[in-house]
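Notes to accompany the following structure.
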Amino acid sequence: MDFNNLGSRVYNLSNKSYKYLGIFIIVTFQVLFCSIDIKNFKDPLSEDSGTDVEQWENMSYYVAKHVHFLPYPQIELTNNDYFYPYGNTHAFQGWFLEGNFFYAFLYNNLGYGPWLNYYYAFSVFFTALSIFFLVGYFWNYQRALIVALLVSFLNFHAIDRYPHHFAYAIHHWTTISIFLDFIILKKISYKEIISLRLILFKVTIMALALGLDLSYILGFALSSFFFCAVYFLFLSFKTENQRYFKELVVGWKNQIKQKNWLNYFLIGTSLLAIWLYVPIILGIFKTIRAFHFDNPFAGGHAWSMPIRLLFPYFPFLNATFNPLQDFFHDMPEGLGAMSPGLLCLSIGLVGLCYSNIKDKKIMIPFGIFFVLSVLNHPILMPTLQWLPWCMLYRIPSRFTMIIPLFCSFMFLLGNYKEIKFQKLLTIFLVIFAIGTLEIFTVFKVRFNRPAYYYAASFRPYMDYVKNQPGEAVLDWPFCVIGGNGVGNTEGLCPIYNKSSGVHSLKRFHQKKVVGHYYGRLHPSQIKSFVDAGWGKMSEPDSHIWNESTQLIKNLTPEQWEFFTDFFKFNDFAGINLYIDLIPKTEQQEFFRRFGNPTKSTVVPIAGNVVFIPKPKSWFALVNLQKGKKIKFPCGCK
């Protein structure tokens with residue numbers, strides 16, 4: 001809706017007044033959003049449902065302990081902090097380096113705290129404000145407010161990603177970058193002057209986007225830029241455009257000669273971001289390339305039926321819960337997969353309907369990107385995997401969070417002055433009704449999601465474990481698994497839903513741990529566990545990977561011999577025994593063999609845990625080489 005016409009008659013406010021009104025509304029949305037969605041600004045990020053949440057802080061903790069900056073930034077990727085005592089490389093994680101560094105700085109200086117919650121709140125607020133000012137500068141603040149809200153607080157799929165898929169909910173630099181692609185293309189379409197400063201700003205934002213999620217969020221920015229650049233090259237070869245492009249180049253050369261501190265600042269920021277991120281990214285990809293996957297999508301691809309684009313967020317048909325999955329036989333991942341909402345779609349489609357042919361052509365590269373993303377099936381129709389940054393693009397529906405940007409572009413292109421007032425008012429009321437219903441539905445679900453607060457006994461417990469002698473702690477049961485399923489069939493994570501996050505408690509007690517849940521694993525990385533026989537140690541109550549809740553069989557005498565020697569000869573401080581996950585008779589056997597627990601607490605998802613210190617006399621027996629070689633069912637000693 002264009003308030004230049006309607007607003008002048010109804011509100012009689014200047015564009016400057018809308019600027020201040022927009023800032024006030026965005027701040028109000030931010031306060032409500034933090035209260036309804038984030039809730040907890042007291043404790044570290046966690047949740048009592050779904051162990052994906054635990055990996056994000058733990059990943060950032062790893063950076064805090066293993067990053068160094070001289071002579072250039074690098075993260076030590078190979079050690080035995082996890083998969084103790086065998087060791088592993090930690091490259092296969094969902095790195096989001098800006099957030100990792102944000103957490104690492106605060107953790108190293110202030111200890112653990114709600115740092116990622118602060119980072120997320122700032123990201124959403126920054127997205128709204130930056131798009132508001134960017135669109136307000138190139139259009140007006142009436143349209144800017146609608147667009148700013150649509151791509152931030154009302155980007156339903158993106159906010160539903162928090163906290164389980166935390167890194168995919170952080171998209172501020174990517175959002176700005178794609179908006180700049182659109183702005184530059186629009187200027188080219190109308191043969192308007194494109195300043196050197198705007199180009200440098202685009203470069204700077206692209207460089208800063210290197211700090212976002214490397215697997216998807218950065219890829220969206222790169223893909224948008226790629227398709228826009230190809231379209232740009234196509235236009236540059238047209239005879240009627242060649243003079244315009246030559247004038248642009250001449251103008252940039254003249255601007256280079258001018259001393260402008262802002263241009264220098266943008267160049268400096270770009271170089272700093274490149275220096276900070278690129279060496280680490282290259283190190284990660286170099287490590288990853290050492291592993292060959294015969295089928296990179298063997299663990300599932302989470303393809304979503306494209307018709308989900310039309311699903312609303314209504315109380316009676318709520319896209320949040322991915323309805324009709326049994327009917328479509330698809331694999332939607334996350335909440336609202338492939339469903340941006342009818343509010344988003346209706347705003348975009350109205351804009352597209354009331355834009356001229358010239359403006360519609362601006363949407364061509366974004367339309368190509370959109371169609372290829374919607375049709376993308378990693379196995380049957382890999383429409384994007386030919387792009388280098390999309391080679392492991394396993395979950396196509398994560399693209400959903402970018403759709404509100406495209407709808408915003410179509411909205412900005414609309415010419416609403418030609419619409420009669422009554423018709424415009426009808427359109428507004430229909431969209432307002434849809435939006436009100438969807439906002440209420442989405443945020444009711446978000447509000448009902450309970451925040452997790454750690455028990456009063458949690459910090460003393462972790463401090464106690466931290467201060468015990470021994471470099472590691474033995475979590476039982478532990479979990480060794482990758483997001484692609486490696487470790488599951490081998491029996492190394494018998495209670496995925498309950499135990500796949502216990503390794504992340506390392507950020508509190510700082511001991512090395514046996515397990516880890518990685519975004520992806522290569523079979524060679526779990527070979528030591530398989531050869532040692534750990535997959536033969538546990539029997540869960542269900543062999544369906546996401547339904548098991550407890551071990552149901554006691555250890556045999558041979559298994560106890562293996563477990564005891566592994567505990568004895570490796571440098572463990574003690575055992576974190578998750579008593580809700582093992583039979584009660586097994587608990588008593590642990591106490592009989594290793595002594596009574598000295599501390600207890602409650603941890604997210606896994607529930608009650610007790611700490612059994614290692615018998616003091618056993619520390620003299622520690623032999624790490626021997627500890628690594630212990631196997632079951634034979635060769636235990």
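Summary of values
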| read-out | value |
| --- | --- |
| Given (1) under 15 Å from Ala606 (Cβ atoms); (2) open to solvent by 10 Å² or more (accessible area, probe 1.4 Å), number of the condition Gly483 does not satisfy | (1) |
| Residue in segment 31-40 that is in contact with a Ser or Thr (Cβ under 9 Å, 6 or more places away or on another chain), under 14 Å from Tyr118 (Cβ atoms) and modelled with pLDDT of 95 or more present | yes |
| Leu212 vs. criteria assigned to a helix (DSSP H, G or I) and either surrounded by 22 or more Cβ atoms within 10 Å (Cβ to Cβ) or under 17 Å from the mean Cα position of the chain (by Cα) (or both) | no |
| Count of residues meeting criterion [assigned to a loop (DSSP other than H, G, I, E, B) and open to solvent by less than 20 Å² (accessible area, probe 1.4 Å)] in segment 564-582 | 2 |
| Test: Phe291 is under 30 Å from Thr78 (Cβ atoms) and among the hydrophobic types (A, V, I, L, M, F, W, C) | yes |
| For Phe369: the one exception among (1) under 30 Å from Leu235 (Cβ atoms); (2) touching a residue at least 40 places away in the same chain (Cβ under 8 Å); (3) in a loop (DSSP other than H, G, I, E, B) | (3) |
| Residue count, segment 330-366 (criterion: open to solvent by 20 Å² or more (accessible area, probe 1.4 Å), touching a residue at least 60 places away in the same chain (Cβ under 8 Å), under 27 Å from Phe232 (Cα atoms) and among the charged types (D, E, K, R)) | 2 |
| Selection status of Leu474, in contact with a Phe, Trp or Tyr (Cβ under 7 Å, 6 or more places away or on another chain), modelled with pLDDT of 95 or more, over 26 Å from Glu589 (Cβ atoms) and not in a loop (DSSP other than H, G, I, E, B) | no |
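Each row is one residue, and each column tells you yes or no for (1) of a type in the set (Gly, Ala, Ser); (2) assigned to a helix (DSSP H, G or I); (3) at pLDDT below 95; (4) under 30 Å from Phe569 (Cα atoms).
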site: Trp389; (1), (2), (3), (4): no, yes, yes, no
site: Tyr393; (1), (2), (3), (4): no, no, yes, no
site: Ser408; (1), (2), (3), (4): yes, yes, no, no
site: Leu412; (1), (2), (3), (4): no, yes, no, no
site: Lys417; (1), (2), (3), (4): no, yes, yes, no
site: Leu424; (1), (2), (3), (4): no, yes, yes, no
site: Leu429; (1), (2), (3), (4): no, yes, no, no
site: Ile439; (1), (2), (3), (4): no, yes, no, no
site: Arg459; (1), (2), (3), (4): no, yes, no, yes
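To keep it simple, each residue is scored yes or no on (1) more than 19 Å from Leu32 (Cα to Cα); (2) in contact with a helix residue (DSSP H, G or I) (Cβ under 8 Å, 6 or more places away or on another chain); (3) of a type outside the set (Phe, Trp, Tyr).
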| site | (1), (2), (3) |
| --- | --- |
| Ala128 | no, yes, yes |
| Asn140 | yes, yes, yes |
| Leu145 | no, yes, yes |
| Leu150 | no, yes, yes |
| Phe156 | no, yes, no |
| Asp160 | no, yes, yes |
| His165 | yes, yes, yes |
| Ala169 | no, yes, yes |
| Ile176 | yes, yes, yes |
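The values are calculated or read from the model by the stated rules, or taken from the named source; none is laboratory data. These numbers were taken from a predicted model, which means no experiment stands behind them. Here Cβ is always computed from backbone atoms with ideal geometry, including for glycine, and neighbour counts include all displayed protein chains. Note: areas computed on protein heavy atoms with side chains; ligands, DNA, RNA excluded. Shrake-Rupley method; radii C 1.70, N 1.55, O 1.52, S 1.80 Å.
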